[in-house]
1. Taking A:Asp75 as the residue in question, decide whether it is within 24 Å of A:Ile8 (Cβ to Cβ) and either part of a loop (DSSP other than H, G, I, E, B) or in contact with an Asp or Glu (Cβ under 8 Å, 6 or more places away or on another chain) (or both).
2. Inspect all residues belonging to segment A:15-26 and state whether any of them is buried (at least 16 other Cβ atoms within 10 Å of the Cβ), small (Gly, Ala, Ser), touching a residue at least 24 places away in the same chain (Cβ under 8 Å) and in a strand (DSSP E or B).
3. If A:Gly82 satisfies every condition in (1) among the small types (Gly, Ala, Ser); (2) within 22 Å of A:Asn7 (Cβ to Cβ); (3) assigned to a loop (DSSP other than H, G, I, E, B); (4) over 18 Å from the mean Cα position of the chain (by Cα) but one, which is the exception?
4. Go through (1) within 16 Å of DNA strand B (Cβ to nearest atom); (2) closer than 23 Å to A:Leu225 by Cα; (3) not acidic (Asp, Glu) and name the single condition A:Leu139 misses.
5. Residues being in contact with a Phe, Trp or Tyr (Cβ under 8 Å, 6 or more places away or on another chain), within 11 Å of DNA strand B (Cβ to nearest atom) and free of Cβ contacts under 8 Å to residues at least 60 places away in the same chain: count how many of those fall in segment A:34-71.
6. Among the residues of segment A:206-230, how many are in contact with a strand residue (DSSP E or B) (Cβ under 6 Å, 6 or more places away or on another chain) and among the aromatic types (Phe, Trp, Tyr)?
7. Within the group A:Ala89, A:Ala94, which residue is under 15 Å from A:Gly149 (Cα atoms) and assigned to a strand (DSSP E or B)?
8. List pairs: first residue in segment A:167-182 and within 16 Å of A:Ala126 (Cβ to Cβ), second residue away from DNA strand B (no atom under 16 Å from the Cβ) anywhere in the structure, Cβ distance under 8 angstrom, at least six positions apart or on different chains.
Amino acid sequence: MRIYTFNINGIKARFEALTRWLPEALPDVVLLQEIKSVDSGFPRAHFEDMGYRVETHGQKGFNGVGILSRLPLEDVARGLPGDETDEQARWIEATVIGAARAVRVAGLYLPNGNPAPGPKFDYKLAWMERMHARAAALLTSEEPVVMAGDYNVIPQPEDAAKPEAWVDDALFRPESRAAFRRILALGYYDAFRLKVQGPGHYSFWDYQAGAWDRNNGIRIDHLLLSPQAADLLEDVGIDKAERGRDKPSDHVPVWAQLLA
DNA sequence: ATGCCATCCAATGGATGA
């Protein structure tokens, strides 16, 4: 089972690119972020015709997450628990029925948090506390769990081409990185770093200032694996070439292959 | 130092993003 995370930066703007990419990559599961659409505006039938189950948790204009899956989905849940007043659509869960076994997946779009300090940064850290609680709860099932999405966190200096440019940014501030480590410390593993070491691996390049041409990227799209999922990990990858295609998202697909 | 570009909604500009 190959699971992808892909921040598409708008389903309307990425419709053609996503339609081209799906039959090329043939993902089993895609966790989408920033669909920037309400559920009724998502082109569900189009992707169903391409062989995918479609589940979305959208909102008007911004944010929004979704799941495309060629495998059956069960027990879909929308929204991150812990704050009934939070109206931002950033979390969706489902159980994917693989050929060998089932995997619980969570797709997430973690708040950006800039400018920091400020209310948006406070919201980011509070959201990460809620995610920590949900991540702990998911571990109790003892089934394989994959939490994948746009974390808006640069875990280590080696995950940025120019780490010095990010020192005061909400993506790299000590509080954000500590909150990310606290989730890992529950017993989760960064799938990419289980297989690939060293600098120079990025998942996002800004549209501005020639960031792509200069390879000025950051690695902020992650798949976190429970111990049971880590035991099934076969391979990982970043589809960097997608950033160079026509009308790309500023993020590229990142994936993990599980024996499931 | 800087939203330099892209997207969405709505309206010929503003908000947001990382």
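None of the figures in this text is laboratory data; all of them are computed from the coordinates on show. Bear in mind the structure is a predicted one, so any value in this text is a computation, not a measurement. Neighbour counts are summed over all protein chains in view; Cβ atoms, including those assigned to glycine, are modelled from backbone coordinates with ideal geometry.
1. No, not satisfied.
2. So far as segment A:15-26 goes, no, none of its residues is buried (at least 16 other Cβ atoms within 10 Å of the Cβ), small (Gly, Ala, Ser), touching a residue at least 24 places away in the same chain (Cβ under 8 Å) and in a strand (DSSP E or B).
3. The number of the failed condition is (2).
4. The single condition A:Leu139 does not satisfy is (1).
5. 5
6. 1
7. Values: A:Ala89 fails: assigned to a strand (DSSP E or B).
When all the criteria are applied, what remains is A:Ala94.
8. Hits for this filter: A:Ala179/A:Glu129; A:Ala179/A:His132; A:Arg182/A:His132.
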